[in-house]
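The structure under discussion appears below in the form of structure tokens.
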Amino acid sequence: MAVEEEGLRVFQSVKIKIGEAKNIPPYPGPNKMRDCYCTVNLDQEEVFRTKIIEKSLSPFYGEDFYCEIPRSFRHLSFYLFDRDVFRRDSSIGKVAVKKEDLQKYHGKDTWFQLQHVSADSEVQGKVHLEMRLSEVITDSGAICHKLATRVLECQGLPIVNGQCDPYATVSLLGPSRSEAKKTKVKRKTNNPQFEEVFYFEITRPLSYTRRQFDVEEEDVDKLALRVDLWNASNLKFGDEFLGEVRIPLKVLGQSGFHDAWYFLQPRDNGSKSVKPDELGSLRLNIVYTEDHVFPSEYYSPLRDLLLRSASVEPVSASTAHILGEVCREKQEAAIPLVRLFLHYGKIVPFLSAIANAEVNRTQDPNTIFRGNSLTSKCIDETMKLAGMHYLQVTLKPIIDEICADHKPCEIDPVKLKESENLETNRENLRQYVDRIFSVITKSGVSCPTVMCDIFFSLRESAVTRFQAVDQDVRYTAVSSFIFLRFFAPAILSPNLFQLRPHHPDPYTSRTLTLISKTIQTLGSLAKSKSANFKESYMAAFYDYFNEQKYADAVKNFLDLISSSGRWDQKSIETPIMLKEGFMIKRAQGRNRFGRKNFKKRWFRLTNHEFTYHKTKGNSKGEAALCSIPIENILAVERLEEESFKMKNMFQVIQPERVLYIQANNCVEARDWIDILTKVSQCNRKRLSTYHPSAYLNGHWLCCKLSADTAPGCTPCTGGLPANIQLDVDGDRETERIYSLFSTYMPKLVKMQEACGSKSVYDGPEQEEYSSFVIDDPQETYKTLKQIISSVHTLEQEHAQYKRDKFKKTKYGSQEHPIGDKGFHCYIPQQSESSTYSI
């Protein structure tokens, strides 16, 4: 979800790998071990939780998490918890990374030292304050000064233990001052409107100079105002601290007036010093991306260059291929390129062109598509995007069963447990392999059309070059992708392919490793199967599958998915599980709304229906409490928080009623809205308008109309592609490609030099240029010149946007409160003297 900023869309996303923790302090009891899990939080809002690793002080998670961030945030935080069966889980420590520091750790495996979790340091949100210093004549005729402090409102306060009942205390800090004043408590809101004014008397002469002022008993410049935010709690431990602001009175200046927003800050003593490894450390890999996307016309020159890549001769002189040459990792280039070409329907000709070029450079058919080339990475990424639902249909049911049953499948005699039988384990493993092999080789009809078209192109290129020396190359060219780089990795790490929510436990992971190895070998059609295994026990186990029927099944499957001419995908009616999870719901009915009518339910979405069930266990066997056919979903939109005083709510609008739902957090809400919108996008009766608020007490809260059937008062949000896997923003992907070219500009210049060197000298290449693939120096140089020109133009647009943003932005505004470190990224160095100063 993008945030609009004056014609520019800003996208934030984060990809995190939670590796492991080490040196966690032992539990203070005889057992010493802990059952630990880790959460990912935007400020204090939890958006992801790992599985629990039991009985360990060095838990390994190996879990990946990706999300689009739908709101502003100050910290990306990670909390390590110890599960407690009888009481609330206890926090061991945390890692909090400021938003402005995320780039320091971009893409690097980093060990972070865990810090203490303290109520004094857990803050989020902002407060709007107004201060005015005025002269007052006292009863005795003396002139003194009175400070009026107005607490207007707060935004984004944390929800503590499921509720937020905030109030503020205001005090003047200085010698002999201890008076504190308090606002009223605002119930059940984390965006309270206070609008309360407090007065403090301050004495000083009417006419003063700086010299006289310095000797006064109370120096105003040394006074400060403190505002503390609290959550009124019913717990015996007292009210919870939510954050504070300290403002020196010298900000009033000559005008005697100050009006600004402030970010809440932790207490001075909020962070205790931690000795190295006192609480242990956590290994993380964080990739935070912020894309500033201009309107589409800004990207036309670069986008046109990219989309022409498939027709450029030779393809190595194309813009897309050059991007792969200059990027440090081919994967960096592959992700935005694939998404862009999928969006514009040009992925097959592009992949055909670069695959054909790679085949023609390959000398040995046995090494075809085995390296980490741009071709391999692009096809991997295409299969991940287009083939996600294909994996759900083929592998998910049996992967779920393997993870649930925990059948012993260890066949290495050295690793065998005393209670296990080798032959029994072999039989368990053989049955699993047989079943997975069967569902894969019978799934040809479900393989997505775009993948089949790519496989057809790969087969044709390989046959044209190598058929004379290798009769099986028509199969190995395709199997090296579909088995080696698609099915086998999905079996090995089902969590990375959205087949499981978490990385499997070590016991199950070992079973999946053995299955993956066997399936990979079955699909490779190698001449000598046993030679493929280093381990003798694997070679012995593979004897089960040395029958011709397995090789025939693989060839038939590969022939089917690499044939030209495809069937109608709409004839495939297998329900596909798209998303499921707990949420809180309230359907619109005749009774008055109330909190007691909100109930927690297990929701499931397939490509056929949206259902909810009383419990998670009932979702498979028993009938649903409510089932909404996809064709009955007329719109899915956010619900304004004021409707029920509840955050993260959305509405599923049907012909007869509206279903109101509250998700667990902002990321979950966005994900549900997106996927429900996508899956219902082609419904003929979709609405064009909706009501952003609920129908309560006989009228719509948004437009005040009394008829519950009144047409909507607000346009529905923009349409999305119906094809779920290929929901791509072309301009955003072009912006990412521009960012890569900008980052690797020195390499583009070096490649230009290499083209010149090749054109002038026919002798051996200079070593510094040998890493580039340049088949036609003149054509490549021409493309490089166009790329550099397009990149420079976009760089100028970004620089101008930052200058304009700085001119229009006030430090202390609602968008950039005082304490916002990100504000300084808009300040050009030449404008430092004009910075708004407080």
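Points worth noting:
- Rolling a 1.4 Å probe over the heavy atoms of the protein chains gives segment 291-362 an accessible area of 35 Å² per residue.
- Structural descriptor for segment 298-352: relative contact order 28 percent, calculated from alpha carbon pairs under 8 angstrom and at least 6 residues apart.
- Accessible surface of segment 38-173, 1.4 Å probe, proportion on carbon and sulfur as whole %: 50 percent
- 3J(HN,Hα) along segment 513-520, derived from phi through the Karplus expression 6.51 cos²θ - 1.76 cosθ + 1.60 where θ = phi - 60°, amounts to 5, 5, 5, 4, 4, 5, 4, 4 Hz, with x in place of Gly and Pro.
- Angle between the chain longest axis and helix 422-441 axis [Cα atoms, degrees, rounded to 10]: 90 degrees
- Integer Hz, Karplus 6.51/-1.76/1.60 couplings in order for segment 365-377, x for Gly and Pro: x, 6, 10, 5, 6, 9, x, 8, 7, 4, 4, 4, 5
- In the chain, the longest principal axis of the Cα atoms and the axis of helix 330-343 are about 90 degrees apart.
- Relative contact order of segment 254-387, pairs being alpha-carbon contacts under 8 Å that are 6 or more residues apart, as %: 20 percent
- Folded to 0 to 90 degrees: helix 745-760 orientation relative to the chain principal axis, Cα: 40 degrees
- What segment 480-550 shows is 41 Å² of accessible area per residue, with the surface traced by a 1.4 Å probe over protein heavy atoms.
- Alpha-carbon centroid distance for the pair segment 300-342 / segment 430-476, whole angstrom: 26 Å
- Set Lys377/Lys782; Lys126/Lys616; Lys98/Lys808 screened for pairs whose C-alpha atoms are more than 30 Å apart: Lys126/Lys616
- In this structure, the pairs whose alpha-carbon distance is over 18 Å, taken from Lys15/Lys384; Lys330/Lys384; Lys188/Lys704; Lys184/Lys222, are Lys188/Lys704; Lys184/Lys222.
- Taking Cα centre as origin and charging only the Cβ of basic (Lys, Arg, +1) and acidic (Asp, Glu, -1) residues, the dipole magnitude of the chain rounds to 2000 debye.
- Charge-dipole axis of the chain as Lys and Arg at +1 and Asp and Glu at -1 on Cβ define it, positive-most pick from Phe194, Gln498, Phe455: Phe194
- Within the accessible area of segment 376-525, the carbon and sulfur atoms contribute 53%, probe 1.4 Å, all protein chains present.
- Extension gain, Ser233 back to Lys750 (0.36 nm per residue minus Cα-Cα distance, nm): 179.8 nm
- Accessible area of segment 54-207 divided out per residue, in Å², using a probe of 1.4 angstrom: 50 Å²
- Under the criterion of Cα pairs below 8 Å and six or more residues apart, the relative contact order for the chain equals 12 percent.
- Per residue of the chain, the DSSP helices (runs of n ≥ 4 H) give a summed -39500 (n - 2.57) that works out to -9500 deg cm²/dmol at 222 nm.
The values are calculated or read from the model by the stated rules, or taken from the named source; none is laboratory data. The shown structure was predicted, so the numbers you read here are calculated from the model rather than taken from an experiment. As a convention, Cβ positions derive from the backbone with ideal geometry for all residues, glycine included, and neighbour counts pool all protein chains shown. When the accessible area is computed, the model is the full protein with side chains, heavy atoms only, and any ligands, DNA or RNA have been set aside. Shrake-Rupley method; radii C 1.70, N 1.55, O 1.52, S 1.80 Å.
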